[in-house]
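The values are calculated or read from the model by the stated rules, or taken from the named source; none is laboratory data. Note that this is a predicted model, so its numbers are computed, not measured. Virtual Cβ from ideal backbone geometry, glycine too; neighbours counted across all protein chains shown.
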Amino acid sequence: MSDAPKPAISVVVFPGSNDDRDTELSLNHLGADASRLWHGEERLPANTAAVVLPGGFSYGDYLRCGAIARFSPVMRDVVRFANEGGLVLGICNGFQILTEAGLLPGVLRQNSTLEFQCQDVSLVVERTDTAFTSRCEPGDRLSIPVKNGEGCWFADPELLAEAEAEGLIALRYAPGTNPNGAIADVAGVISAGGNVFGLMPHPEHAVDPVLGSTDGAKILGSLVDAARSAAFATA
Amino acid sequence: MPNDFELAVFSLLWSEHCGYKHSAPLLRRLPTAGERVLQGPGENAGVIDVGGGLAVAFKVESHNHPSAVEPFQGAATGVGGILRDIVAMGARPIALLDGLRFGQPDWHFKRAVAGIGHYGNCVGVPNVGGETVFDPAYAKNPLVNAMCVGLLPVERVLKAKATGTGNLLVLYGATTGRDGIGGASVLASQDLAGSDDKRPSVQIGDPFRGKALIEVSQELVESDLCLGLQDCGAAGLASSLAEMARGDAGVDLHLDRVPLRESNMEPWEIMISESQERMVAVVAPERLAEVREVCERWELPCTVIGEVANHGELRCYFGGEIVGQIPAELLTDECPRYELPQEERPTTNTAMEQVNAEPKTWIFQQYDQLVGSRTVRRPGLDGAVLRLDGTRGIAVSLDGPPVGERDPFRAGWSATMEAAMNVACAGGEPAALTDGLNYGNPERPEIAWEIARGIDGIAAAANELGIPVVSGNVSLYNETGGSPIPPTPFVGCVGLVPDVTRVPSRWRGGDTVLLLHGEGAELVRFVWQNAHRFSLAHDISKGSVELALHEAAEWSGIAGPTAAGANGPGVIVALAPADAASLDWPTITELGTV
């Protein structure tokens, strides 16, 4: 593994991003060449193999979560990158930004508890054939922490039925453990093209055994694998 | 004769909250020296050397009165304030803890918890511990104390001192408004009768700007762009610039340059406004352009509001005219200090309210415990453990007196010992302390006696432990209608963890569970020296062995023994049966097997 080439992954830093350093650290631990990218940049670096929008409180979440960050200068190029099939992962606030940017279906509402929730949750992997879950086995249960106030994914019945039919619900809270009232226990959603993924749990906080579970490495490690293939397939 | 502007400044800086006019003489009784101490009391925070080129800055601070008046913003801005104290030392905040005392888990309490989460979660600093106690004695005067721990290289420890005549004073962060005018004197240094009228004296927090302020400050110190940093907390610019101007420096301040968020503010209002999320940096003129560039990137206003002088005065100008001129020493070192008459009074402990035995998970689940990727041991039982580098770490705790303790000496001694024991139970060697002293009106002789006895208790415990108190805060006048709070010192402890992979965490099936009887420094030492052998260690802080075992079982997620007839004080430890036999402590009761 250590000899494998390191794909360049950009972790976007919005004003108010909090988990950008954690995400960079975890990706590098898993064999990526990750670096943080200021939101004011107009362009992604030319060698970018994947983009991660990290967790936090972009613009303080003072308006709807992610509603301001989606207008950050770099987002135009992130949308272009995604539309051209580039790998984009959104974690927590990053997921919220991706739904606001129209790259993923649904919205994220305030938790049904009306409180911020920080706890480990049990997740069921619904799909293992994606760029973000390839290191998982069918039926895998992952223990990864959530920490959010507005993590309740919602879609109207029509959109939900469509997402279910197209297999876009890649990750669910295990039955009976849904911490925020998300409809259909949805914890993570993938785009129809399979290259954009958003999830509320924080895989970057579940990589190092000293800090708890290492199940997050299955998500981020899958992304590193896919980014490596994308970057070096033709090399 | 001082003019009105000068009187306004004096009224704030000679308040108890800023000037420690009643408590300073007593605080000298605390031990403050030690070989690890890089900065003792008197600056924004204490700093200790933790080895390997790293230093830890930490301090506890109260925000009781604002939280009594408006719990959400009061508690939130308490977190914001202690964060900026740590940032002002040149450190990056890595953990928050809070000490809460409320009448009951009611709406008021829940709003304070939400406020703490609102600020801490949004600025991206994990909240890893502290304690909550419910006691009717705090119903009208709840206590919100917040502690922050920050990390910095040893060579970077900053002092809030203006140096170099002609250097610039740069105010950056939020604009200045009328919020929090007189907070330090109106709220923090009087009782709370008629507190509804005092609501406008509570500041409003803006954690998004607070986050930008942390990042800008980090960039300024990492790039050596500033020579000193000071936050604007209680008494606003008046306090921060008086601190900077002390000694023979002096400051020329142009109040008409301060960016305002309200119109027609008077010079004295600008001077003492407690608008949040502001800091002042001392910058050499040739570095100003770089400072502006950093602030602009983070979209923070940044204004040169004055210069360092050599006249030793705080000279304030508005529209070219001098509006105030005060020797800085008068505002700081020469603040009048009072020896208070003391009178002993009998005390009676009260029983613990049952609500204190209930799980507190719902409280700390509302806080981000993980951001920063350092949290090895999460909140919920005794101290938390944070990784520094490699496998080295620190254990941190914040504790008050046992529930219902009313004897002021025992309250001080016990809070200190419990803070140290909680660090030991998390596998840390206690290294230094911070204290937040919360009492009633010191002008009453029995309260003055309580304060003196409380400080004596902390000093006694610190001396037994052989560790210094490096920072602290005093909150007095915590009483309403003549009814003071019980003596409530909060004590925070930072301890050193040699190997974070070997700290006690959860007991395992088959472990033997023992009760080590006793209390005090000897037991603290024994616990941390043997911590690598324990799967779990938990002190009996609330008096009952049954409750301690129950808490340990909940924390571990696996049932263990229940006590039969054993009594505290002491520590319960779990370990492999083979290790249990060789444990060398004078009085041990075997409680059973997991």
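Those residues that are part of a helix (DSSP H, G or I) and under 10 Å from the mean Cα position of the chain (by Cα), I need them from the range B:51-85; list them, please.
First, the residues of the range B:51-85 that are part of a helix (DSSP H, G or I): B:64-69, B:71-85.
Scanning the range B:51-85 gives B:Gly78, B:Val79, B:Gly81, B:Ile82, B:Leu83, B:Asp85.
Please tell me if B:Gly404 is surrounded by fewer than 24 Cβ atoms within 10 Å (Cβ to Cβ) and without any contact (Cβ under 8 Å) to a residue 60 or more places away in the chain. Lay out the reasoning, then the answer.
Details: surrounded by fewer than 24 Cβ atoms within 10 Å (Cβ to Cβ): yes; without any contact (Cβ under 8 Å) to a residue 60 or more places away in the chain: no.
When the stated conditions are applied, B:Gly404 does not pass them.
Going residue by residue through the range B:282-299, is there one that turns out to be of a type outside the set (A, V, I, L, M, F, W, C), touching a Pro at 6+ places or on another chain (Cβ under 7 Å) and away from every other protein chain (no Cβ under 14 Å)?
Within the range B:282-299, the subset of a type outside the set (A, V, I, L, M, F, W, C) is B:285-287, B:290, B:292-293, B:296-297, B:299.
From what's left, touching a Pro at 6+ places or on another chain (Cβ under 7 Å): B:299.
Add one more test, that the residue is away from every other protein chain (no Cβ under 14 Å), and what stays is none.
Within the range B:282-299 (the criterion being of a type outside the set (A, V, I, L, M, F, W, C), touching a Pro at 6+ places or on another chain (Cβ under 7 Å) and away from every other protein chain (no Cβ under 14 Å)), the answer is no, since none of the residues qualifies.
Select from the range B:268-293 the residues that are of a type in the set (A, V, I, L, M) and part of a strand (DSSP E or B) and list them in ascending order. Can you show your working first?
Applying the first criterion (of a type in the set (A, V, I, L, M)) to the range B:268-293 yields B:270-272, B:279-284, B:288-289, B:291.
Listed by number, the residues that qualify are B:Met279, B:Val280, B:Ala281, B:Val282, B:Val283.
Tell me, which residue of the range B:409-452 that is charged (D, E, K, R) and in contact (Cβ under 8 Å) with a residue 60 or more places away in the chain is surrounded by the most Cβ atoms within 10 Å (Cβ to Cβ)? Walk me through how you get there before you give the answer.
Residues of the range B:409-452 that are charged (D, E, K, R), as a first pass: B:410, B:418, B:429, B:435, B:443-444, B:446, B:450.
Checking which are in contact (Cβ under 8 Å) with a residue 60 or more places away in the chain leaves us with B:418, B:429, B:435, B:443, B:446.
Values: B:Glu418: 26, B:Glu429: 19, B:Asp435: 29, B:Glu443: 14, B:Glu446: 16.
The selected residue is B:Asp435.
Scan the range A:31-49 and tell me whether some residue there is free of Cβ contacts under 8 Å to residues at least 60 places away in the same chain, assigned to a strand (DSSP E or B), closer than 24 Å to A:Val186 by Cα and among the aliphatic types (A, V, I, L, M).
The initial filter retains those residues of the range A:31-49 that are free of Cβ contacts under 8 Å to residues at least 60 places away in the same chain, namely A:33-46, A:48.
Within this subset, residues satisfying the condition of being assigned to a strand (DSSP E or B) are A:33-38.
From what's left, closer than 24 Å to A:Val186 by Cα: none.
No; the residues of the range A:31-49 include none that is free of Cβ contacts under 8 Å to residues at least 60 places away in the same chain, assigned to a strand (DSSP E or B), closer than 24 Å to A:Val186 by Cα and among the aliphatic types (A, V, I, L, M).
Taking the range A:180-224 as the search range and keeping residues that are of a type in the set (Val, Ile, Thr) and either surrounded by fewer than 23 Cβ atoms within 10 Å (Cβ to Cβ) or part of a loop (DSSP other than H, G, I, E, B) (or both), which one is farthest from the other protein chains (Cβ to nearest Cβ)? Walk me through it before giving the result.
Taking the range A:180-224 first, the residues of a type in the set (Val, Ile, Thr) are A:183, A:186, A:189-190, A:196, A:207, A:210, A:214, A:219, A:224.
Next, only the ones that are either surrounded by fewer than 23 Cβ atoms within 10 Å (Cβ to Cβ) or part of a loop (DSSP other than H, G, I, E, B) (or both) stay: A:183, A:207, A:210, A:214.
Working: A:Ile183: 22, A:Val207: 8, A:Val210: 6, A:Thr214: 13 Å.
Step by step, filter the range A:180-224, then rank; the result is A:Ile183.
Can you list the helices (runs of 4 or more DSSP H) found entirely within the range B:445-563 that contain at least 2 residues being within 25 Å of B:Gly103 (Cβ to Cβ)? Can you show your working first?
Details: elements: B:445-465, B:521-529, B:545-556.
The helices (runs of 4 or more DSSP H) meeting that bar are B:445-465, B:545-556.
Please determine, by comparing only the residues of the range A:124-144 that are more than 17 Å from A:Glu164 (Cα to Cα), more than 14 Å from chain B (Cβ to nearest Cβ) and modelled with pLDDT of 95 or more, which one is surrounded by the fewest Cβ atoms within 10 Å (Cβ to Cβ).
The extreme case among them is A:Arg141.
Restricted to the range A:50-68, and to residues that are under 12 Å from B:Phe208 (Cβ atoms) and in contact (Cβ under 8 Å) with a residue 40 or more places away in the chain, which residue is farthest from the other protein chains (Cβ to nearest Cβ)?
Just the residues of the range A:50-68 that are under 12 Å from B:Phe208 (Cβ atoms), to begin with: A:56-63, A:68.
If we keep only those that are in contact (Cβ under 8 Å) with a residue 40 or more places away in the chain too, we end up with A:56-61.
Numbers: A:Gly56: 6, A:Phe57: 4, A:Ser58: 9, A:Tyr59: 6, A:Gly60: 3, A:Asp61: 7 Å.
Among those that are under 12 Å from B:Phe208 (Cβ atoms) and in contact (Cβ under 8 Å) with a residue 40 or more places away in the chain, it is A:Ser58.
Scan the range B:1-50 for residues that are outside any loop (DSSP other than H, G, I, E, B) and on the phi > 0 side of the Ramachandran plot and jot them down. Before you say what the answer is, go through the steps one by one.
Narrowing the range B:1-50 to residues outside any loop (DSSP other than H, G, I, E, B): B:4-13, B:16-19, B:24-27, B:37-39, B:41, B:43, B:46-50.
Those that are outside any loop (DSSP other than H, G, I, E, B) and on the phi > 0 side of the Ramachandran plot: none in the range B:1-50.
Output yes when any residue across the range A:91-101 is closer than 30 Å to B:Gly390 by Cα, within 14 Å of chain B (Cβ to nearest Cβ), at pLDDT 95 or above and in a loop (DSSP other than H, G, I, E, B), and no when none is.
Yes: one or more hits.
In the range A:177-184, is there at least one residue being polar (S, T, N, Q), over 20 Å from A:Asn83 (Cα atoms) and under 15 Å from the mean Cα position of the chain (by Cα)?
Applying the first criterion (polar (S, T, N, Q)) to the range A:177-184 yields A:177-178, A:180.
Subset that is over 20 Å from A:Asn83 (Cα atoms): A:177-178, A:180.
With the extra rule that they be under 15 Å from the mean Cα position of the chain (by Cα), the set shrinks to none.
No: zero hits.
Looking at (1) within 14 Å of chain A (Cβ to nearest Cβ); (2) touching a Gly at 6+ places or on another chain (Cβ under 6 Å), which is the only condition B:Gly428 fails?
Unmet condition: (1).
Scan the range B:286-304 and give yes if some residue there is surrounded by 22 or more Cβ atoms within 10 Å (Cβ to Cβ), of a type in the set (A, V, I, L, M) and at pLDDT below 95, otherwise no.
No, that holds for no residue.
What pairs come up if the first residue lies in the range A:108-120 and is in a loop (DSSP other than H, G, I, E, B), the second is among the acidic types (Asp, Glu), and their beta carbons are under 6 Å apart, counting only those six or more places apart or on different chains?
Taking only residues 6 or more apart or on different chains, the pairs are A:Gln110/A:Glu150.
Does A:Arg76 satisfy the criteria of being among the basic types (Lys, Arg) and part of a strand (DSSP E or B)? Before the answer, list the steps.
On the way: among the basic types (Lys, Arg): yes; part of a strand (DSSP E or B): no.
Against the criterion (among the basic types (Lys, Arg) and part of a strand (DSSP E or B)), A:Arg76 does not qualify.
Among the residues of the range B:564-594, count how many are within 21 Å of B:Gly427 (Cα to Cα) and in a strand (DSSP E or B).
So the answer is 7.
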